[in-house]
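What follows draws every value from the coordinates through simple rules; no lab data is involved. Here the structure is a predicted model, which is why all the values come from computation and not from measurement. Here the Cβ positions follow ideal geometry from the backbone for every residue, glycine too, while neighbour counts run over all protein chains shown.
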Amino acid sequence: MNSHDDSTVHVRYLVDDVPAAVDFYTTHLGFTLGTHFPPAFADVRRGNLRLLLSGPQSSAGRPMPDGRTPQPGGWNRIHLIVDDIDAEAARLRAAGVRFRNEIISGPGGRQTVFDDPAGNPIELFQPAQH
């Protein structure tokens, strides 16, 4: 297998509306726009994360040979580490972002999950102070 000598993590998200997804990630989560081929595809970056936003017109959105069509949603998600989860969640809620749950605590820290405009989940995580 040929691999890039690259520290970038590449994650593909299927979205219903590429411009709406670009706006969401750049406005609310601090991503910057990379390539942009609306309405089919764009990518946005935050640190070492490159998020590929593939719309229904993209090659990634085409039906599979068995007839299944790739769709957004599910529970696999990007995981964004924050310093103050309460403040970040309040900021996003004030902007109208839809959350799947309230902030919960576990042994490793606190987390909550919200959706991008297409229903793809994103986790905010604040590590526990040890």
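Data table
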read-out	value
Amide H contacts under 5 Å for residue 41, placed H, 5+ residues apart	55
Residue range of the chain that is longest and free of trypsin sites (Lys or Arg not before Pro) which are both DSSP loop and sparsely packed (at most 16 other C-beta within 10 Å)	1-67
Net charge contributed by nearby residues that have their C-beta within less than 12 Å of residue 24 (K/R +1, D/E -1)	-4
Calculated FRET efficiency for the pair residue 45/residue 84, C-beta based, R₀ 22 Å, to 0.05	0.45
Dimensions in Å of the chain - Rg and Dmax from alpha carbons	15.7, 50
Net charge contributed by nearby residues that have their C-beta within less than 13 Å of residue 51 (K/R +1, D/E -1)	+3
For the stretch 99-115, Karplus couplings with θ = phi - 60° (6.51, -1.76, 1.60), whole Hz, Gly/Pro x	9, 7, 7, 7, 5, 10, 10, x, x, x, x, 10, 8, 8, 10, 9, 10
Placed amide H near residue 82: partners under 5 Å, 5+ positions off or other chain	125, 126
Distance between modelled label sites at residue 76 and residue 9, nm, 7 Å Cα→Cβ extension	1.3
Nearest-ten-degree value, helix 18-28 long axis tilted from longest Cα axis of the chain	20
Loop-resident sites, the stretch 38-130, for chymotrypsin sites (Phe, Trp or Tyr not before Pro), counting at most 13 other Cβ within 10 Å (DSSP)	75
